[in-house]
Amino acid sequence: MRGYRVSFSGEIGVKAPATRRELENLGLQTLLSRAEALGIPLRVEREGGRLRVELPDEHERLLRTHPGLGRITELFAPSAEELLSPSFWEGLLPPRPFTFVVYVPPIRSRESLSRLLHLKGRLLEILGDLARRYLSYWDNHPPEHLEIHLEGREGDLLLLLRPRRGLGGLPVGSGERVLLLFSGGPDSLLAAVRLLCRGQEVALVFFDDEVPGRVEKVKTVARELAYFLPRARVEFFRVGFREIQEFIGEKVPRRERCFFCKACMLLIAEEVARREGFSAVATGEILGEQASQTLPALLFSVRASKTYPLRPLLGYTKEEVFRDLSELGLSAAARRNLPPCPFVPDHPRTRPRSRPEKVLHLWPEIRKRVKSIRREILSYGG
C-alpha cells in the first residue's frame, strides 16, 4: 500500500461552502464505490478539505482518473534520520538522471519553519550528490524532474513527492443522465470521459450495422469505459440499424447518405432518451474532422432532427484526442481497429444539397424499421 494526498478539483474549491461540501462528499462516495466495484483495497481519511488515501501502487490510476479529484501526490512520513539517508532516496528516485526542486510551505511557527529549512538545506546536499552520481545513467533523454515538498504537522514530518494532475471537473452524479452516440472509436470514447468530468451520468447508444465482429469490439471498448463509472459498469443500448441504412441508401443521393444517417441516429437517440429518462443526447463529433462533421453537415443534422446534442469534443483536434486518451490509459482501446461502415460513399459531400425537411418526410418509414433496441449493462473486465 502507498500513501497519497489528494485534493479535490479547483472547480469544486471555488464553490460556495455548502455546495463544496456536497460535491466533496459525492466525490468521496463515488471513489469508494469505484474501488469496491473494481476490487481495489482502499483506505481514506479526510484532512481538512483534502483526502489521505492508501492503496496499492499498481492502482494509482484509480485516483488519476476519478472525476472531481485534482492534485495527487505521493505521501511519506519518514523520520528526520530516514529523510537524510541516501538509501531512503535511492528507493524513490528514478533509475536515470534527474533534476530536483525542494519546497517548504510558509508556516506561522518560526520554530517549525526553522527546522524544516534546516532539513531542506541538508536534503539539497544529499540529492545534489545523488544527482551527480546518476549522471552516469544518461540514456540520451532529458532528465526526469522531481518536485519535493516538506511539511511539518504536529511534530511529524511529511514528504510529498511527484505531484500529478488529476482528472478534475465534478464528481459523477452531480449532473444529469446523458445518452451518448457511441461508435467505439476514439472520439466517442473521449467524449464519454469528458461528460463524466462534467458530473453527468453517461449511458451509450450504439447503432449496429451488423458488420461481422463490430459489436463485439464496440462492447470491449465500452467495458474499458466502465472503469471510470462509480459502479464500474455502463448502460449500453444497441439499436438494429442495418435495415434503416439500406432504406436510406435507396432514397437519398449516394454522396449524402452520412448526413441522413446521422440525423436519423439523433432522432432515434432522442426517442430512447425520452423513454428512458435521459436529460440530453450527446455525440463525439469534432468540427471539420470528417466530411459529415463540417459546420453545414452539423447544422443539417440538427435542423433535420430538431435535436440539439451536447458535443464535448467540438473544438478538439485528433492529436488532442489521442493525447488525452493516452494520459487516461485508454490508448489500446482507442486504437482498436473497427470495421469500416459499408454505407460510407467513396467521395462524400461536405455540404448537403438536400433540404433537412427530407429527413422528416422519410422519418415515418424509417421509424417503422426501428425494430430492435436492446439494453445491456456492461461491466469493466466482464
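The values are calculated or read from the model by the stated rules, or taken from the named source; none is laboratory data. Note that the structure is predicted; figures quoted are calculated from it, not measured. Methodologically, a virtual Cβ is constructed for each residue, glycine included, from the backbone with ideal geometry; neighbour enumeration extends over all protein chains shown. The area values use the complete protein model at the heavy-atom level, side chains included, leaving out ligands, DNA and RNA. Shrake-Rupley method; radii C 1.70, N 1.55, O 1.52, S 1.80 Å.
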| Cα principal axis extents for segment 84-184, largest first, Å | 56, 44, 19
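At 222 nm, what value in deg cm²/dmol follows for the chain if DSSP H runs of at least 4 each add -39500 (n - 2.57) and the sum is divided by all its residues, to the nearest 500? Spell out each step's value before the answer.
Details: 14 runs with 156 residues, N = 382.
Computed mean residue ellipticity for the chain: -12500 deg cm²/dmol.
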| Test item: Cα-centred dipole of segment 1-110, Lys/Arg +1 and Asp/Glu -1 on Cβ, debye | 480 debye
| Degrees, to the nearest 10: 110-134 long Cα axis against longest axis of the chain | 70 degrees
| Relative contact order, percent, of segment 26-130 when contacts are C-alpha pairs under 8 Å separated by at least 6 residues? | 18 percent
| message | Heavy atoms of the protein only, probe of 1.4 Å, neighbouring chains included. What is the accessible area of R349 in Å², nearest 10? | response | 50 Å²
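Over the chain, give the accessible area per residue in Å² for a 1.4 Å probe, as an integer.
Numbers: 18740 Å² over 382 residues.
Result: 49 Å² per residue.
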| request: Provide the percentage of antiparallel DSSP beta bridges, counting only those with both residues in the chain; round to the nearest 5. | output: 60 percent
| Relative to the longest principal axis of the chain, what angle (0 to 90°, nearest 10) does the C-alpha long axis of helix 17-38 take? | 80 degrees
| field | Listed candidates [x] 21.6; [y] 20.9; [z] 23.7 - label of the one calculated as Kirkwood radius over Cα pairs in Å | value | [z]
| query | Under a 1.4 angstrom probe, counting protein chains only, how are K251, K318, K368 ranked by accessible area, largest first? | reply | K368, K251, K318
| Which of the lysines could be linked to K251 by a straight reach, that is with a Cα gap under 25 Å, when you skip same-chain ones fewer than 8 residues away? | K262, K306, K358, K368, K371
| said: How large a share of the accessible area of segment 205-247, in percent, is made up of carbon and sulfur atoms when the probe is 1.4 Å and the other protein chains stay in place? | reply: 40 percent
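Please arrange D156, D208, D139 by accessible surface area, largest first, computed with a 1.4 Å probe and ligands excluded.
Numbers: D156 95, D208 10, D139 65 Å².
Descending order: D156, D139, D208.
Net charge near V53, counting Lys/Arg +1 and Asp/Glu -1 over other residues with Cβ under 15 Å of its Cβ? Intermediate values should be presented prior to the final figure.
On the way: positive: R2, R5, R34, R43, R46, R50, R52, R61, R64, R71, R162, R164; negative: E24, E36, E45, E47, E54, D57, E58, E60, E74.
Net local charge, V53 excluded: +3.
For H361, what is the net charge nearby, where nearby means another residue's Cβ is under 11 Å from its Cβ and Lys, Arg count +1, Asp, Glu -1? Don't jump to the answer; show the numbers that get you there.
Details: positive: K251, R355, K358; negative: E357, E365.
Residues near H361 contribute +1 overall.
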| message | Solvent-accessible area of R323, probe 1.4 Å, all protein chains present, reported in Å² to the nearest ten, please. | response | 120 Å²
| remark: Judged on accessible area alone, 1.4 Å probe, highest first, Y380, Y316 line up as Y380, Y316
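Over the Cα atoms of segment 1-129, Rg to Rh with Kirkwood Rh, two decimal places?
On the way: Rg = 17.5 Å, Rh = 17.0 Å.
Rg divided by Rh gives 1.03.
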| Can you give the accessible area of S33, probe radius 1.4 Å, in Å² rounded to 10? | 30 Å²
| query | Which net charge results for the neighbourhood of A269, defined as the other residues with beta-carbon distances under 14 angstrom from its beta-carbon, given Lys and Arg at +1 and Asp and Glu at -1? | reply | +3
| task | Would you mind checking the tilt of helix 186-197 against the longest principal axis of the Cα atoms of the chain, expressed as 0 to 90 degrees and rounded to 10? | result | 60 degrees
